[in-house]
1. What list of whole percents do you get for P(r) of region 61-101, with Cα-Cα distances grouped in 5 Å bins up to the one holding the largest distance?
2. Quick one: work out the % antiparallel among DSSP beta bridges in the chain, nearest 5.
3. Which order do the peptides 46-59, 73-86 come out in when sorted by mean C-beta neighbours inside 10 angstrom, highest first?
4. To the nearest 500 deg cm²/dmol, what mean residue ellipticity at 222 nm is calculated for the chain from DSSP H runs of n ≥ 4 alone, each contributing -39,500 (n - 2.57), summed and divided by the residues?
5. What angle, in degrees between 0 and 90 and rounded to the nearest 10, separates the Cα long axis of helix 87-96 from the longest principal axis of the Cα atoms of the chain?
6. Working from Cα positions, state the angle (0 to 90°, nearest 10) between the long axis of helix 9-24 and the longest principal axis of the chain.
7. Given Cα pairs under 8 Å that are at least 6 residues apart, what percent is the relative contact order of region 2-96?
Amino acid sequence: MEMTSNLCSNATRKIGLLITKASELDMDLACYGVADENTSSGNVYLWLEDYPFTLYIGLGSDSIYAVWANSDNGDEVDMQVTSTTRLDDLLQWCDGLGVTA
């Protein structure tokens, strides 16, 4: 996984939260991915190529969300990831949006 090196300490902390959540979800962190900050939105994200969603934390919050993006038109749908969310929940959610893992 690639991680940008020029991140502020808060963005680095949030990436740590995302990696911890991905690990708790039993996501494969060995696949290719990117952890970075979107300088336009201020969101910090963890994208892993083996999954049809991206985990992110928005600006001014520590709440974790999953976002699915429609590859045909760019529309995005968000879902909050809580302590009870499982990886199967996220994959079924994406499947219901028309995407399979």
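Computed from the coordinates by the stated procedures, all read-outs in this text should not be read as laboratory data. These figures come from a predicted structure and were not determined experimentally. Quick reminder, even Gly has a Cβ in these numbers, built from the backbone with ideal geometry, and neighbours come from all protein chains shown.
1. In order of increasing distance, the bins hold 6, 21, 32, 23, 12, 6, 1 percent.
2. Numbers: 19 of 21 bridges.
For the chain, the DSSP antiparallel bridge percentage is about 90.
3. On the way: 46-59: 19.0, 73-86: 11.2.
Order by mean packing, descending: 46-59, 73-86.
4. -8000 deg cm²/dmol
5. Here the helix axis deviates by roughly 60 degrees.
6. In the chain, helix 9-24 runs at an angle near 30 degrees to the longest axis.
7. On the way: 138 pairs, mean separation 18.8, N = 95.
Once normalised by length, the contact order is 20 percent.
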